[in-house]
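For reference, the structure discussed in these notes is given below.
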Amino acid sequence: MALNDRQKRYLKGLAHPLKPVVMIGNKGLTENVIAEIDSSIELHELIKVRVSGQEKEDRLAMIDEIALKTSANIVMTIGHIAAFYRPAKEPTITLPKK
């Protein structure tokens, strides 16, 4: 599901007060970390992930890989923090229309 600009702005506002639920350390993006991110997105729909200890290009590649492997949308990236959104089977977040 592709998000339009209005929906991304709405989700950024919701994501702003959130704390990162998953933190990626020096070992990088392992299958266990992907599984944890996937289950967190399933539970919360909108989460933040902290990617530490990487160069900027590596961080951005890791964020893209997370989005690809979890079928989530990247809502925002600021420094070491990225927010991801994927609607649940029974969504709790109602997105604005186009």
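Remarks
- Evaluated against (1) crowded, with 18+ Cβ neighbours inside 10 Å; (2) at positive phi, Ile63 falls short on exactly one condition, (2).
- Filtered by the rule that a residue be in contact with a Gly (Cβ under 8 Å, 6 or more places away or on another chain), more than 16 Å from Val21 (Cβ to Cβ) and loosely packed, with under 15 Cβ neighbours inside 10 Å, the range 47-60 gives a lone residue, Gly53.
- Of the criteria (1) among the hydrophobic types (A, V, I, L, M, F, W, C); (2) surrounded by fewer than 13 Cβ atoms within 10 Å (Cβ to Cβ); (3) at pLDDT 95 or above, which one Ala72 fails: (2)
- Screening the range 75-96 for residues that are in contact (Cβ under 8 Å) with a residue 12 or more places away in the chain and among the hydroxyl-bearing types (Ser, Thr, Tyr) and picking the one that is surrounded by the most Cβ atoms within 10 Å (Cβ to Cβ) gives Tyr85.
- Selected residue (only one of Ala82, Ala88 is closer than 22 Å to Tyr10 by Cα, outside any strand (DSSP E or B) and not acidic (Asp, Glu)): Ala88
Listed here are the residues, each with its yes/no results for (1) without any contact (Cβ under 8 Å) to a residue 24 or more places away in the chain; (2) outside any loop (DSSP other than H, G, I, E, B).
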residue	(1), (2)
Lys8	no, yes
Leu11	no, yes
Pro17	yes, no
Met23	no, yes
Ile34	no, yes
Val49	no, yes
Asp58	yes, yes
Ala61	yes, yes
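The values are calculated or read from the model by the stated rules, or taken from the named source; none is laboratory data. In this text, all values refer to a predicted model and were calculated from it rather than measured experimentally. Glycine also receives a Cβ, built like all others from the backbone with ideal geometry; neighbour counts cover every protein chain displayed.
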